[in-house]
Structure formats: structure tokens, C-alpha cells
Amino acid sequence: NVVSISYEARDGRTIQGFVTLPPGKTSDNGPFPLVVLPHGGPVAHDTAEFDWWSGAYAEAGYAVLRPNYRGSTGSTSEHRFAGYGEYGGKMVDDVIDGAAWAIAQGIAKPGGYCIAGGSYGGYSALMVAARDSGRVKCAISVNGVTDPILRLSEYTPDSDAYNHYELMLGSGRFSDDASRAAIMPVRQAGAMSAPILIMHGREDTRVPFRQFTRMREATGNRPNFTFVEMEGEDHFLQSTYARSDVLNRTLTFLEAHHPVQ
């Protein structure tokens with residue numbers, strides 16, 4: 001049961017997206033425990049078509065919000081370009097504002113939500129966990145970026161990929177250490193008080209496995225972090241086993257920290 005929605009971000013921008021409700025339910029049956037699931041890319045967008053990840057969470061009894069935050073494709077060029085320089089800024093705020101909207105609308109239960117995502121969505125989940133720590137009950141990152149400055153250095157300088165990534169980050173972010181730290185989960189881990197599950201494929205070439213080990217090194221032995229290496233898996237979780245593993249582990253994690261009942 002996928003519903004098209006829109007809400008207003010804190011600066012007035014309209015953010016469109018989708019809420020997937022448990023089978024046979026409508027918003028009148030709410031509120032539901034909420035999982036926010038920002039898409040990867042970030043130059044991509046969610047649609048109303050079937051999505052295995054949000055579908056599984058909805059089947060388990062969660063309402064799932066998938067916001068097309070600024071920087072997403074699928075609407076206007078202006079909305080996409082509004083993401084430039086906001087990789088760890090307003091693009092993250094848009095996701096937080098979506099959760100607040102879902103709670104205010106009575107779709108989501110008050111008292112907090114969980115957030116999950118893959119690739120940039122995993123990065124977003126970690127940043128939201130740091131920036132909205134009072135409401136985030138748990139966070140899940142799968143093949144996520146944890147050190148965007150390191151990620152930039154892994155591209156060939158002046159290549160199309162390098163130049164695009166720098167546009168998304170915003171070159172002004174490199175002017176001082178505090179600005180860099182503000183968009184780096186590896187530097188924001190101390191602000192993440194909720195339970196955090198981080199999974200990463202060892203054969204990931206899109207977001208190299210070093211991003212996983214950097215976060216593990218940054219968090220030390222803090223008990224709220226759980227790290228899972230996925231042997232032989234790539235960035236896109238193309239095998240049935242990989243997707244089943246992600247769903248099984250993350251649903252168990254959600255039930256422990258944000259139960260349906």
C-alpha cells in the first residue's frame with residue numbers, strides 16, 4: 001500500500017516522496033512504528049513501484065517513509081541542483097523533517113523512529129542518527145559512505161566522477177576542519193547515541209570496504225555499534241542471499257529496538 005505524499009522542509013522547500021503502509025492498512029489505522037528509508041545515489045529517486053526493502057518492512061508492520069530529498073532526480077532540475085553543496089547539510093535536514101512530518105500527521109507513532117538506507121542512504125542514516133539523536137531509536141547503514149572526504153580522494157582527480165562528487169559535497173566544505181567534520185559520520189560518531197547496525201559487502205567497488213573499516217576504527221569498542229562484514233557481496237546486493245541477509249538481520253535489529261507491538 002504505497003501512498004504518494006509531500007511535506008514542507010524547514011526552509012519551505014516542498015519534498016515529495018512515498019509512504020508504504022502495512023498490507024491492508026490505511027493512514028486511518030495509524031499511527032504505526034516508522035522507518036525512514038532514504039534512497040541512495042544521491043542522484044536518484046524513489047517511485048511508487050515495488051521496492052523490496054520498504055515492502056519487507058511494511059509487511060512486518062512498519063510504515064516506511066521514502067523521501068525524495070533535494071538533490072533527487074525525478075522532478076525538476078532545480079530540485080536536483082538544490083542538492084549541490086548540501087550532501088551532509090540540507091539533504092539530511094529534509095530526511096529529518098520528513099520523519100517529523102509523519103509523526104505530526106499521525107502516520108508515525110510519537111516517541112521516535114528508526115532510519116535505514118544503502119549507499120548514500122546509509123550515509124544519510126548515520127548523519128540523521130547524529131543530528132536527530134533525541135528521536136532516532138536505531139539506525140541501519142548498508143554499504144554506506146562514512147567518510148565522504150576520503151571517498152572524494154578515491155576518485156581520479158578532475159574526472160567526471162570526481163567533479164560531480166565535489167559538486168555534491170560543496171567545495172566550501174574543505175575550507176576548515178570543523179566544516180569537514182560536520183559532514184563526516186566518522187567524526188560524528190560520538191553524537192550517535194542510538195543502536196547502530198553497519199553492514200558492508202567486502203567486494204563493494206562503488207563504496208569501497210575501507211569506508212566500513214574507517215567507521216569501525218572511529219567508534220572503537222562502543223557498545224551501541226554493531227558491524228557486519230558481508231563476505232563476497234558487492235554494492236548492489238544482487239544475490240538473493242545478500243538481500244535475505246540484509247532483511248533478516250535488519251528486521252531482527254528493528255524488532256529489538258523499535259518493535260511493532
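The values are calculated or read from the model by the stated rules, or taken from the named source; none is laboratory data. Note that this is a predicted model, so its numbers are computed, not measured. Quick reminder, even Gly has a Cβ in these numbers, built from the backbone with ideal geometry, and neighbours come from all protein chains shown. The accessibility values were calculated without ligands, DNA or RNA, using every heavy atom of the protein model including side chains. Shrake-Rupley method; radii C 1.70, N 1.55, O 1.52, S 1.80 Å.
Structure values in brief
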{"read-out": "Residue count, the stretch 45-91 (criterion: under 20 Å from residue 207 (Cα atoms), under 14 Å from the mean Cα position of the chain (by Cα) and either among the polar types (S, T, N, Q) or open to solvent by 30 Å² or more (accessible area, probe 1.4 Å) (or both))", "value": "2"}
{"read-out": "Subset of the stretch 58-85 (residues that are assigned to a strand (DSSP E or B) and over 16 Å from residue 122 (Cα atoms))", "value": "63"}
{"read-out": "Tally of residues being hydroxyl-bearing (Ser, Thr, Tyr) and not in a helix (DSSP H, G or I) across the stretch 119-146", "value": "4"}
{"read-out": "Tally of residues being among the small types (Gly, Ala, Ser) and more than 30 Å from residue 241 (Cβ to Cβ) across the stretch 18-53", "value": "2"}
{"read-out": "Condition met for residue 209 (in contact (Cβ under 8 Å) with a residue 24 or more places away in the chain and of a type in the set (A, V, I, L, M, F, W, C))", "value": "no"}
{"read-out": "Odd one out for residue 97, checked against (1) among the acidic types (Asp, Glu); (2) open to solvent by less than 50 Å² (accessible area, probe 1.4 Å); (3) closer than 17 Å to residue 212 by Cα", "value": "(3)"}
{"read-out": "Scan of the stretch 22-33 for residues that are touching a helix residue (DSSP H, G or I) at 6+ places or on another chain (Cβ under 9 Å) and either without any contact (Cβ under 8 Å) to a residue 60 or more places away in the chain or surrounded by fewer than 17 Cβ atoms within 10 Å (Cβ to Cβ) (or both), ordered by number", "value": "22, 23, 25, 31"}
{"read-out": "The stretch 68-121, residues that are touching a residue at least 24 places away in the same chain (Cβ under 8 Å), among the aromatic types (Phe, Trp, Tyr) and more than 16 Å from residue 6 (Cβ to Cβ)", "value": "84, 87, 113, 120"}
{"read-out": "Positions within the stretch 211-222 being open to solvent by 70 Å² or more (accessible area, probe 1.4 Å) and polar (S, T, N, Q), in sequence order", "value": "221"}
{"read-out": "Some residue of the stretch 111-131 being more than 26 Å from residue 237 (Cβ to Cβ), over 13 Å from the mean Cα position of the chain (by Cα), open to solvent by 10 Å² or more (accessible area, probe 1.4 Å) and at pLDDT 95 or above", "value": "no"}
{"read-out": "Any pair with Cβ under 7 angstrom, 6 or more apart, that starts in the stretch 213-225 at a residue that is over 17 Å from residue 140 (Cβ atoms) and ends at one that is open to solvent by less than 30 Å² (accessible area, probe 1.4 Å)", "value": "214/146; 214/147; 214/186; 218/186; 218/189"}
{"read-out": "Some residue of the stretch 147-167 being surrounded by 14 or more Cβ atoms within 10 Å (Cβ to Cβ), in a loop (DSSP other than H, G, I, E, B) and modelled with pLDDT of 95 or more", "value": "yes"}
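Results for (1) under 19 Å from the mean Cα position of the chain (by Cα); (2) modelled with pLDDT under 95; (3) open to solvent by 20 Å² or more (accessible area, probe 1.4 Å), shown as yes or no for each residue.
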residue	(1), (2), (3)
177	no, yes, yes
189	yes, no, no
202	no, no, yes
209	yes, no, yes
224	yes, no, yes
237	yes, yes, no
